[in-house]
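Read-outs throughout are calculated quantities, based only on the coordinates presented, and are distinct from any laboratory measurement. Since we're looking at a predicted model, the values are computed, not measured. Neighbour counts run over all protein chains shown; Cβ positions are idealised from the backbone, glycine included.
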Ligand SMILES: Cc1cc2nc3c(=O)[nH]c(=O)nc-3n(C[C@H](O)[C@H](O)[C@H](O)COP(=O)(O)OP(=O)(O)OC[C@H]3O[C@@H](n4cnc5c(N)ncnc54)[C@H](O)[C@@H]3O)c2cc1C
Ligand code: SF4
Ligand code: SF4
């Protein structure tokens, strides 16, 4: 599917997630499946939690012990391939990159969208940050339902539906 | 009147800008010429974050890389003379250039020349491909990202290489609806992370599919696509019609080598490198002594490699003119290593193959 359509299979997605127990703290989910000459995720992480190595074509590997879930890699990845995921008692909190107008605002409810672009539920916008360091890529923190753990990837404004 | 200049660099994209910087660092005087009013080449329309490693400004947006490179060059006002809005029209034996500078013609006698003219877009043959509303990807990007003009409201992208995928994403950002990205090959051409970004937005990518014809009176109103089998033959009955007001063609680039051809540099057709490319030495010198080529003009790759090649050509051309960079040997070694790393993965395979073919006909090394 990845090569023909551009979205990963559910099995591929799961290989990028650690055990759910680890996700009680926020962790980076790095969905980079293909060898490409690229390494900003690894060089931007202040905790050295992502390794690519000498050959920048290598696939990034996350050390979940070192990752603090800070979200810096999320807006540093030119492929917008990284989210931060944290499993709460009744919800899941994601930090995602977002580069579209209109900007989401705190307190709004947006659509939750899967990797095929389908609406799969709702996302509550908890927080939106855009510092100069983020270089125009917003970091949006959202809450979604628990069953969307391996499904959710981005948000869409309800205005477009 | 003929003007005398030592090193003339044609093209101020990433490759030419980097060549100018290294030449100036070597103490070499440079005349840098570009036909656009704005320096930066392709970079001035790249609003996305770049790939590569940090040495080549990865994760920085193309437009901001351009600013950095232009600032670097403007740091040497005594050494680097810039002519913008200046088109090199001809290159003649003995390294004479004719240039249209604004409204006036100039003749320049150079001692050495670096050709960093970039590439031109390939066209695609289909019925009515000359209808207004059918654009190349470069034109779409220039309209949107340089002039802030939407090329249409509903568009189909033809080609799923990185350019097709990235421009589709930028079209969506501009509020243009991308109905589909179609690709003749059975697999997506560009990086999957770019493809995933589009799928998330609900843009369908259809492989083994091509455009058959465009329909419309005075401008494109719809297109017909068809699916292809493994032999790239049309499969009857798979035609689909899309109502569009624009079509974007992103089916690849070819090196702009006409100036090199005019000079008589040896060119060779190597499809992996984008078409006719100059035969080069390891120092990026063509078969004519003192004439160099780098960046997309020498093979279609990326801005990252275009920059590194420019650095090397700037160093070697200056050395030829007697100005040797104090760190020449270390720098050359480092740049060659950077190129090797950039080309080492699966996406570099095509380039490696192409360069190996070129190696077979190389001279002087
Ligand atoms: C949509 C898109 C996305 C891309 N994304 C990336 C990416 O993420 N990462 C990456 O590394 N690369 C990317 N690239 C590729 C990159 O932009 C090019 O490889 C790079 O710009 C090539 O640099 P260059 O200096 O060789 O040529 P160019 O940038 O094309 O510059 C050539 C310059 O020469 C000038 N010129 C040409 N002929 C003449 C003449 N006769 N007289 C005077 N001036 C002349 C032109 O005006 C131009 O300014 C992308 C390209 C596109 C189109
Ligand atoms: S979230 Fe922060 S700590 Fe974790 S990998 Fe990304 S940058 Fe490193
Ligand atoms: S920065 Fe993003 S696209 Fe680049 S290697 Fe890391 S995860 Fe992949």
So in chain B, what percent of DSSP beta bridges are antiparallel if you round to the nearest 5? 50 percent
Which angle from 0 to 90°, rounded to the nearest 10, does the C-alpha axis of helix B:328-342 make with the longest principal axis of chain B? 10 degrees
Taking 1 over the mean of 1/r across every pair of different Cα atoms in the protein assembly as shown, what Kirkwood radius in Å do you get? 24.5 Å
Förster radius 25 Å - calculated FRET efficiency between residue B:3 and residue B:147 (Cβ-Cβ, nearest 0.05): 0.15
Taking every Cα atom in region B:123-249, find the radius of gyration and the maximum pairwise distance Dmax, and write them in Å. 13.6, 41
So for region B:282-365, averaging the separation of alpha carbon pairs under 8 Å that are six or more residues apart and normalising by length, what relative contact order in percent results? 24 percent
Ranked output for segments A:112-118, A:12-18 by mean other Cβ atoms within 10 Å, highest leading, reads A:112-118, A:12-18
What 222 nm value per residue comes from the helices of the protein assembly as shown, counting each DSSP H run with n ≥ 4 as -39,500 (n - 2.57) and dividing by all residues, nearest 500 deg cm²/dmol? -6500 deg cm²/dmol
On average, how many beta carbons from a partner chain sit within 10 Å of the beta carbon of a residue in A:2-15? 4
When B:311, A:150 are ranked with the fewest other C-beta atoms within 10 Å first, the list becomes A:150, B:311
Cα Rg, Dmax (largest Cα-Cα span) when computed across chain B, Å: 21.2, 67
Considering only DSSP beta bridges with both partners in region B:123-249, what is the antiparallel share in %, to the nearest 5? 40 percent
With Cα atoms, 0 to 90° folded angle of helix B:303-320 axis to chain B main axis: 20 degrees
Can you tell me the 0 to 90 degree angle between the C-alpha axis of helix B:62-74 and the longest principal axis of chain B, rounded to 10? 10 degrees
With a/c under 1.5 counting as rounded, go ahead and sort region B:191-278 into rounded, prolate or oblate using the C-alpha gyration tensor (a ≥ b ≥ c being the square roots of the eigenvalues; past the cut-off, prolate if a/b is larger than b/c, else oblate). prolate
Quickly rank A:38-44, A:88-94 as a protection proxy: mean count of other C-beta atoms within 10 Å, highest first. A:38-44, A:88-94
Can you sort A:1, B:49, B:172 so the residue with the fewest Cβ neighbours within 10 Å comes first? A:1, B:172, B:49
per DSSP, antiparallel bridges as share of beta bridges in the protein assembly as shown, % nearest 5, sits at 65 percent
Please compute the Kirkwood hydrodynamic radius over region B:23-89, one decimal place, Å, based on all pairs of different Cα atoms. 13.0 Å
Kirkwood hydrodynamic radius of region A:10-160 from all distinct Cα pairs, in Å? 15.6 Å
Remind me, relative contact order of chain B in percent, using alpha carbon pairs under 8 angstrom and six or more residues apart? 20 percent
Test of understanding: ordering B:95, A:146 by Cβ neighbours within 10 Å, fewest first, what list do you get? A:146, B:95
Mind checking the mean number of beta-carbon atoms from other chains within 10 Å of the Cβ atoms in A:59-65? 0
Neighbouring partner chain Cβ atoms per residue of A:37-45, average, 10 Å criterion: 6
